[in-house]
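In what follows, a structure is listed as structure tokens, so that the remarks can point back to it.
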Amino acid sequence: MSDLPGDVLEADTVVSHRYRVYGYRGDRGFGQLYEAEDTAMGGRVSLMRLGREFSHPRVRESFFETRATAQVEDPRVVDLIDYGEDFDGRLFLAMPWIEDARGLDQIASRESPVSWTRIQAIVVQVAKALEAAHDKGVFHGGLGLSRVLVDSDDGVHVVDFGLAPALTQPGGRPVTNTSPLPGHTAYLSPEQVRGEAVDPRCDIYALGVMLWELIAGAPPFVGDPVEVANAHLEQGLPELVRRGAPAEIEALLHLALAKDPGERLATAGEFSVLLEAMPSAAKAPPRPSSTPAPKRPVELAPQPPNVSRTPTERIASSQARGEGPANTGAKLPPGYPTSTGAPRGEPNRESGPRQATAPLAPDELGQALFEVRVGDLDRVADEGGRARDQLP
């Protein structure tokens, strides 16, 4: 989205008579990132020189109208110190410099697999950052692993709020014919792919993709950008490779990644409560029984038709009757498992959009909320390993 490296500012360049560039630190999608010195106030800052598409008058107006009136006072949200134009007429943003911070994408690629407890702690923080921004009327619209910085204490800092929405008109269409997509295709919600008006629920979808990617090592849909965009619209979720995450996570992911925004989790606060209520580790499989097998076959009582051995099979079996989300396989790299399922059923229009839950304590009440929201999926396996709970 930004210019070629030949347009990068050199060291010691002074921007807006105040910020002395130390060096170029890469491209973050919306523009060039620099480490710089604030000569007026002292100390280091992160300076983003935005791409030329942000110089369009309507884009500038949209961005500054939102960001100038909605300061998000949350330590997990990286807000603006200053903004203006450089000598070339390009917009720049000055933000606090975060010492020893790495992008979550770097952590995911270099330390894979990331432990479940660490994933849980990091994503809960991201959800709470989104909640704070949404409460101020600001949504991200371009969320992805690269826009989450993690410091040396695993504290989370979400960057680039408000940039993606500035690139689209109120109806969701691009401001200009050259306006790029608001984010990486892997994280775009179906409504963003269709160019429709969006709201904070697009951030819920992107957060679900991020959580899936951290757990499985790849997002649910990968490949050519056009194929990925179509998969967001038409394909159900593949089988999740949990790599140590508890089985209950599948329920949360299906709620977050519903293609219809009205069927999605309503708020980032709800997402964080449900995620905090998850077990801190996957349950170990039961030990094999030492009891000898019976000499004669044991006749088992027939199971109700909506009981399956796994959450994925539960969703497929209920969806075949017109209930629940689809679970068809996506086009994925060789070796990345997929599952098959029935075509997506019509959404339940009678129930309407999901409603936000009232604030809850993260312990007993949070666990109770979790049980209510995902009670239609397997939560616990008995000692023999067979799921016994049933769909309502």
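The values are calculated or read from the model by the stated rules, or taken from the named source; none is laboratory data. The structure displayed is predicted, hence computed values, not measured ones. Note: ideal-geometry Cβ built from the backbone for every residue, glycine included; neighbour counts use all protein chains shown.
Can you go through GLU213, GLU239 and tell me which one is in a helix (DSSP H, G or I) and either free of Cβ contacts under 8 Å to residues at least 60 places away in the same chain or in contact with a helix residue (DSSP H, G or I) (Cβ under 7 Å, 6 or more places away or on another chain) (or both)? Steps first, please.
Working: GLU239 fails: in a helix (DSSP H, G or I).
After applying the criteria, what remains is GLU213.
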* To do: Among the residues of segment 1-54, write down those that are modelled with pLDDT under 90, touching a Ser or Thr at 6+ places or on another chain (Cβ under 9 Å) and aromatic (Phe, Trp, Tyr).
  => PHE30
* Being in contact with a Phe, Trp or Tyr (Cβ under 8 Å, 6 or more places away or on another chain) and not charged (D, E, K, R) is the filter; apply it to segment 79-111 and report the residue that is farthest from ALA40 (Cα to Cα). => LEU91
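Restricting the search to segment 117-137, which residues are of a type outside the set (Gly, Ala, Ser) and under 16 Å from the mean Cα position of the chain (by Cα)?
Our first condition is that a residue be of a type outside the set (Gly, Ala, Ser); within segment 117-137, this holds for 117-120, 122-126, 128, 130-131, 134-136.
Passing the criteria: ARG118, ILE119, GLN120, ILE122, VAL123, VAL124, GLN125, VAL126, LYS128, LEU130, GLU131, HIS134.
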* Considering only residues of segment 12-29 that are within 35 Å of the chain's Cα centre (by Cα) and without any contact (Cβ under 8 Å) to a residue 24 or more places away in the chain, which is nearest to ASP86 (Cα to Cα)? -> ARG20
* To do: Write out, first by first residue and then by second, each pair whose Cβ atoms fall under 7 Å of each other, whose residues are 6+ apart or on separate chains, and whose first residue, in segment 73-93, is more than 26 Å from LYS128 (Cβ to Cβ) and in contact (Cβ under 8 Å) with a residue 40 or more places away in the chain while the second is surrounded by fewer than 20 Cβ atoms within 10 Å (Cβ to Cβ) and among the basic types (Lys, Arg).
  => ARG90/ARG52; LEU91/ARG60
* Output yes when any residue across segment 94-116 is among the acidic types (Asp, Glu), modelled with pLDDT under 90, over 19 Å from the mean Cα position of the chain (by Cα) and surrounded by 16 or more Cβ atoms within 10 Å (Cβ to Cβ), and no when none is. => no
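Do we have LEU207 as under 19 Å from SER146 (Cα atoms) and in a helix (DSSP H, G or I) here? Outline the logic, then answer.
On the way: under 19 Å from SER146 (Cα atoms): yes; in a helix (DSSP H, G or I): yes.
So LEU207 passes the test.
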